[in-house]
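Peer 1: The structure under discussion is supplied below as structure tokens; questions concerning it will follow.
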Amino acid sequence: MAKAKTNTEDYMRMYRQMVRIRTFEDNANQLYLSAKMPGLTHMYSGEEAVAVGICEALTDDDRITSTHRGHGHCVAKGANFKEMFCELLGKEEGYCRGKGGSMHIADQSHGNLGANAIVGGSMGIATGAALRAKLQKKDDVTVCFFGDGATAQGLLYEVMNMAALWKLPVIYACENNGYSEYTKTEEIAAGSITARAEAFGIEAHQVDGQDVLAVNALTQKLVARARKGEGPFFIELMTYRYHGHHVGDINREYYRTKDEEKDWKDNRDPIIRFRAWLVDQGIASEEEIEAMNAEIKEDASAAVEYALAAKYPDVSEVDMHVYTDITHACA
Amino acid sequence: MREITLSQAVNEALAEEMRRDETVFIIGEDVAEAGTPFKVLAGLVEEFGTERVIDTPIAEPGFMGLAVGAAMTGARPVVDLMFGDFLFLIMDQLCNQAAKTHYMSGGKLTVPLVLRTNLGATRRSAAQHSQSLHALVAHIPGLKVAMPSSAYEAKGLMKTAIRDNNPVVIFEDKLMYQEKAPVPEEEFLIPFGEANVKREGTDITLIGTSSMVQVCEKAAEILAKEGISAEVVDPRTIVPLDEATLLASARKTSRVIVVDEGHQSYGVTAEIASRINEKAFYHLDAPVLRMGALDVPVPFSPALEDITVPTPEGVAEKARMLVAGEMIHAA
């Protein structure tokens, strides 16, 4: 019975985290549409099961590197709404004191080494973190998130080669959402994506990225094996992004149809699917789920209100943190 | 005092720091048994093993990226970039990742790594193995740049670089590896941002970097025989730059030539000359001159290559003209 209880908690936490990501993104999108957010942002909506299924298999000592589409990874690895919204709005209380913004949120306390605005830019960092763990003889694992578009970057092949040669505890998590910015993946990726990793002798798996339990079960197994020195591994997660490449990419019929978007949203949504399963299995009632959704919505609204009212950093901060030991770099 | 080569000085600095701090490791191409093509690292793998002197595939962006990730997670990697010309291959990892991580994370993450590489023409190595590209990295906020001018500086600056919590790029002149200089046996460090007045003078200041310090010293010898007293100043690090010492010398002598082996246009000489113009203008009796490498790709033929870099005779000639009060116009 204890095990069943634990499972119930795990399932409900996974559901909660997925809804938190979706809710965060809905609010971020509204901030953009109402011109309250500086710049642009890239929505993770639709891909929640990927980040949550993977991060729920990790501890705070395990690390991730994230992407420009990184809010989902950040929430899934344990970040708070308040500091995240503050960062999105460039406020002093943001995770990076407003210096990073949407594309650079780092949350060291939960092992998030940061989002990266260079497509594929964090592949070396993730592999290096795994090298560090191996040199320290620790069993920490690093997950490198990147998209199908990033498989076209040469860096991936350089670091997979070294990770395979040195059996590093790194998992390359390729979120294949079908689009490389504004271009279909099939137009930018020749051959098979998993075969790219297999060429280096790296065990590669393809999984339904809309099924949080499938993602989590696979990741748990691979993380356990990576801890024992059996890594690296590669996972291709088949998923879909509901929004455009970024929030400003509204008219996108030139590269994908509305019917296709509707089909994914109606028939393959990771949250709807998991919710139905939770109810069907008797793990949660509709009422409990609605209550959780409402609570998360309120949390997000409160965090948005807080962030909107929060202070910008003082202008004197502009040349701080350029170097660790020079307080004001331009003084 | 005993004399050792620049190569031995670098080797000693690395060995001492690796004994002192187990988080220091070396990573790069042919750094272990081969000890690099210049044999600078000979013997280190025997003492520290292949886990701390790590041979990589020929994949500069890859191993640079690994070093960034290892540094972000607590190691102090020393990256060996075989030729300075390969900087172009690692620009994303160095300039978009390493240089910006501390700032983008609002001061949370640090990247304490050292990138060891080299500069210097006249080795008959043609255009892709002869460049002096330090101005490129000095342009990027977040990186420190050290330019040792002898074995003594090579050791003292390397030890400081390894202990620095920021990414540091250290350029060794590959023609100086076998040159000897007095280096104390007891431990010493050379702080960053402290220029060294190598020779005192009253008529003109010659500011040189790396091997150009020796060029300036030889020019000063030539000038001394003609009754012209030249002061020679070595900034030792161009980021941070000891502006105060350079300005004090400029104010004292009222004439300055800045000599550096990078291309003259948009380079280190321009930056230093400009600062002197802005901050010591009313103390100057002549325009501040720049002498960099000719703005051409480095040619192979000795007949051509030798005329691309500043020489003692060339520096002395310009100094003579400045002291004589002749207006200098760039050709």
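Peer 1: So what's the gap between the Cα centers of region A:82-116 and region B:22-99, to the nearest angstrom?
Peer 2: Going from one Cα centre to the other spans 30 Å.
Peer 1: Let me know the number of lysine pairs in region A:158-304 closer than 26 Å at the Cα, not counting same-chain pairs under 8 apart.
Peer 2: Qualifying lysine pairs in region A:158-304: 7.
Peer 1: Then there's this: Report the antiparallel proportion of the DSSP beta bridges in region B:3-182 as a percent, rounded to a multiple of 5.
Peer 2: The answer is about 15 percent antiparallel.
Peer 1: Mind checking which aspartates and glutamates have their Cα closer than 12 Å to the Cα of B:Lys100? Skip sequence neighbours fewer than 8 apart in that chain.
Peer 2: Leaving aside aspartates and glutamates fewer than 8 places away in the same chain, those within reach of B:Lys100 are B:Asp92.
Peer 1: Given labels modelled 7 Å from the Cα in the Cβ direction, how far is it in nm from A:Lys265 to A:Glu186?
Peer 2: 2.3
Peer 1: Could I ask something else about it? Could you give the nm distance between label points at A:Asp319 and A:Ser109, where each point is 7 Å from its Cα heading toward the beta carbon?
Peer 2: The two pseudo-label positions are separated by 3.1 nm.
Peer 1: About the Cα centre, and with charges only on the beta carbon of Lys, Arg (+1) and Asp, Glu (-1), how big is the dipole of the protein assembly as shown? Nearest 20 debye, please.
Peer 2: For the protein assembly as shown, the charge dipole is close to 380 debye.
Peer 1: To the nearest Å, what is the center-to-center distance of region B:195-217 and region A:167-181, using C-alpha atoms only?
Peer 2: 53
Peer 1: Residues with amide H under 5 Å of B:Asn196's amide H, sequence separation 5 or more or different chain, H placed in the peptide plane at 1.01 Å from N; which?
Peer 2: B:Asp234, B:Arg236
Peer 1: Sticking with this structure for a sec: List A:Arg275, A:Arg225 from most exposed to least, where exposure is judged by having the fewest other Cβ atoms within 10 Å.
Peer 2: By the 10 Å Cβ count, ascending: A:Arg225, A:Arg275.
Peer 1: Moving on. Mind checking which aspartates and glutamates have their C-alpha under 16 Å from B:Lys39, skipping anything on the same chain fewer than 8 residues away?
Peer 2: Leaving aside aspartates and glutamates fewer than 8 places away in the same chain, those within reach of B:Lys39 are B:Glu12, B:Glu29, B:Asp30, B:Glu47, B:Asp55, B:Asp80, B:Glu172, B:Asp173, B:Glu179.
Peer 1: Straight-line reach from B:Lys279: which lysines have Cα under 27 Å away, leaving out those fewer than 8 places along the same chain?
Peer 2: Cα-Cα hits under 27 Å: B:Lys144, B:Lys198, B:Lys252, B:Lys318.
Peer 1: A follow-up question, please. Using a simple spin-label model with points 7 Å from Cα along the Cα→Cβ vector, what separation in nm is obtained for B:Asp21 and A:Ala217?
Peer 2: 4.7
Peer 1: Hey, got the dipole for chain A? About the Cα centre, +1 on K and R Cβ, -1 on D and E Cβ, debye to the nearest 20? Don't skip to the answer; put the middle values down first.
Peer 2: Values: 36 positive and 50 negative charges, 169 e Å.
In debye, rounded to 20, chain A gives about 800.
Peer 1: Same structure again: Rounded to the nearest 20 Debye, what is the dipole magnitude of region B:3-182 about its Cα centre when Lys and Arg each give +1 and Asp and Glu each give -1 at the C-beta? Walk me through the intermediate numbers first.
Peer 2: Details: 16 positive and 22 negative charges, 108 e Å.
For this selection, approximately 520 debye.
Peer 1: To continue, here is another question. Between the alpha-carbon centers of region A:278-331 and region A:184-236, tell me the distance in whole angstrom.
Peer 2: That distance is 30 Å.
We did not get these values from a lab; they are worked out from the coordinates using the rules stated. These figures come from a predicted structure and were not determined experimentally. Note that we place each Cβ from the backbone using ideal geometry, even for glycine, and neighbour counts take in every protein chain shown.
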